[in-house]
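Trainee: Let me begin by handing over the structure; questions about it come next.
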Amino acid sequence: MRSIWNGAISFGLVSIPIKLMNATESHSISFRQIHLDDGGRIRYRKVCELEDTEVETSEIGKAYEEADGTLIPITDEDLAALPLPTARTIEIVAFVPADRIDPLQMDTAYYLSANGVPATKPYVLLREALKRSKKVAVAKFALRGRERLGMLRVVDDVIAMHGLLWPDEIRATDDVAPDDGVTVRDKELDLADALMDTLGGVDLDTLHDDYREAVEELITAKAEGHEAPAAPAEKDGGKVLDLMAALEKSVSAAKQSRDADGEGDGDAEVHPLPAGRSGSRRSARTAPKEVGGKKSTSTAKKTTAKKTAAKTAAKAATKKTPARKSTTKSTTKTAAKTSTGSSAKSSGSSTGSRTAAKKTAAAKKTSAKKTTAARKKASA
């Protein structure tokens with residue numbers, strides 16, 4: 001880091017030589033002005049109004065303009081010779097609790113570094129005193145042509161200084177505050193508290209500038225000749241018609257977001273199984289598939305009908321003649337075996353059932369021929 005100011009910290013009779021460095025830096029993307037017709041750069045030239053000529057930076061000084069337009073030149077030597085104790089010194093005027101400083105007064109932050117080996121001991125002394133007292137130092141210093149107010153505090157093992165605005169530079173809030181006629185109910189406050197607790201805290205180190213990243217992607221796309229990234233769809237927030245409903249919805253959404261991110265408590269609810277449900281659960285597990293069940297059921301119905309027809313034919317043949325009894329029995333057994341075999345095969349596919357039906361029909365024809373022959377022999 002580059003030093004932008006050299007001076008000393010002074011409190012009481014202690015003087016600590018220090019170097020001042022910027023503690024922050026800007027990552028914002030800057031643009032150049034161009035001529036839209038031909039893309040040429042637009043530049044600002046510093047021109048003297050009297051001579052109408054462009055002048056160099058080394059030829060430019062400072063002046064104060066009176067109300068009537070009169071210019072009073074002021075040189076750097078004039079400013080350096082001002083009878084101010086803060087010209088090259090950060091003069092500590094008080095030590096106060098940190099909460100006494102209004103954040104609205106915070107301005108640019110700087111790091112203070114010990115300038116040389118002799119400055120190390122008093123620098124560490126001041127740093128440790130600030131740590132132990134848990135206070136901050138209020139100081140005055142002059143920088144870039146004006147006297148400023150500052151606050152010294154410890155960051156890690158370094159003394160940092162925040163430039164502060166003067167109290168009269170903070171505007172009053174009278175014209176900004178809403179009307180006093182609005183009242184808030186306790187239930188609304190309770191929901192607001194619940195929303196704050198649900199959202200929880202945040203690690204500031206995880207936050208980043210989404211706008212700058214989007215601008216960088218746009219620049220990269222244009223430089224490579226690609227289309228610009230499409231803008232995301234805007235969320236339709238709508239109008240808040242019911243504050244309570246909006247708060248309840250916000251609390252619910254925040255809880256869902258935390259659960260999705262795995263930030264919930266992780267305790268799962270265990271519900272006891274109601275009585276009489278175990279049997280239905282087992283039957284649900286062992287139940288056959290619907291499609292396969294339909295096929296096997298229809299095949300079983302056909303097989304049962306064939307068995308019934310075979311038994312009926314056997315009984316009728318037994319009543320008519322003894323000679324047919326043995327023939328019918330054997331025929332019935334053959335038909336039953338054939339039918340049973342076809343039933344076992346048909347449970348797998350419809351092709352097996354058709355083959356079994358043909359065999360059964362052939363067996364019936366054979367049985368009928370044998371019965372006719374028996375009758376002829378009996379009549380003879």
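Trainee: Going by what's in this entry, would L104 be described as in contact with an Asp or Glu (Cβ under 9 Å, 6 or more places away or on another chain), modelled with pLDDT under 95 and surrounded by 10 or more Cβ atoms within 10 Å (Cβ to Cβ)?
Mentor: So L104 fails the test.
Trainee: Specify which of the listed residues (D99, D68, D37) is of a type in the set (D, E) and over 49 Å from the mean Cα position of the chain (by Cα).
Mentor: D68
Trainee: Here is a further query. How many of the residues making up region 25-63 are under 30 Å from E213 (Cα atoms) and not basic (K, R)?
Mentor: Residues meeting the conditions: 17.
Trainee: Also: What are the pairs, 6+ residues apart or on separate chains, where a residue within region 193-213 that is in contact (Cβ under 8 Å) with a residue 12 or more places away in the chain has its Cβ under 8 Å from a residue that is of a type in the set (V, I, T)?
Mentor: If the second residue must be of a type in the set (V, I, T), the pairs left are A194/V251; L195/V251; T198/V251; R212/I29.
Trainee: Here are some residues: D174, D179, D168, D193. Which one is over 39 Å from the mean Cα position of the chain (by Cα) and either farther than 17 Å from F95 by Cα or outside any strand (DSSP E or B) (or both)?
Mentor: Values: D174 fails: over 39 Å from the mean Cα position of the chain (by Cα); D179 fails: over 39 Å from the mean Cα position of the chain (by Cα); D193 fails: over 39 Å from the mean Cα position of the chain (by Cα).
Exactly one of D174, D179, D168, D193 is over 39 Å from the mean Cα position of the chain (by Cα) and either farther than 17 Å from F95 by Cα or outside any strand (DSSP E or B) (or both), namely D168.
Trainee: Please enumerate the residues belonging to region 168-192 that are among the charged types (D, E, K, R) and under 20 Å from D102 (Cα atoms).
Mentor: Answer for region 168-192, where residues must be among the charged types (D, E, K, R) and under 20 Å from D102 (Cα atoms): D168, E169, R171, D174, D175.
Trainee: With I42, I72, I60 as the choices, which residue is exposed (fewer than 10 other Cβ atoms within 10 Å of the Cβ), touching an Asp or Glu at 6+ places or on another chain (Cβ under 8 Å) and modelled with pLDDT of 90 or more?
Mentor: I72
Trainee: Please specify each residue of region 63-79 satisfying the condition of being under 21 Å from L143 (Cβ atoms) and either part of a loop (DSSP other than H, G, I, E, B) or touching a residue at least 24 places away in the same chain (Cβ under 8 Å) (or both).
Mentor: Start the filter on region 63-79 by keeping residues that are under 21 Å from L143 (Cβ atoms), which leaves 63-64, 74-79.
Those that are under 21 Å from L143 (Cβ atoms) and either part of a loop (DSSP other than H, G, I, E, B) or touching a residue at least 24 places away in the same chain (Cβ under 8 Å) (or both): T75, L79.
Trainee: Still on this structure, please answer the following. Do the conditions hold for A81, that is, is it surrounded by 11 or more Cβ atoms within 10 Å (Cβ to Cβ) and either under 22 Å from S15 (Cβ atoms) or touching a strand residue (DSSP E or B) at 6+ places or on another chain (Cβ under 9 Å) (or both)?
Mentor: When the stated conditions are applied, A81 does not pass them.
The values are calculated or read from the model by the stated rules, or taken from the named source; none is laboratory data. Predicted model only: the values in this text are computed from it and were never measured. Neighbour counts run over all protein chains shown; Cβ positions are idealised from the backbone, glycine included.
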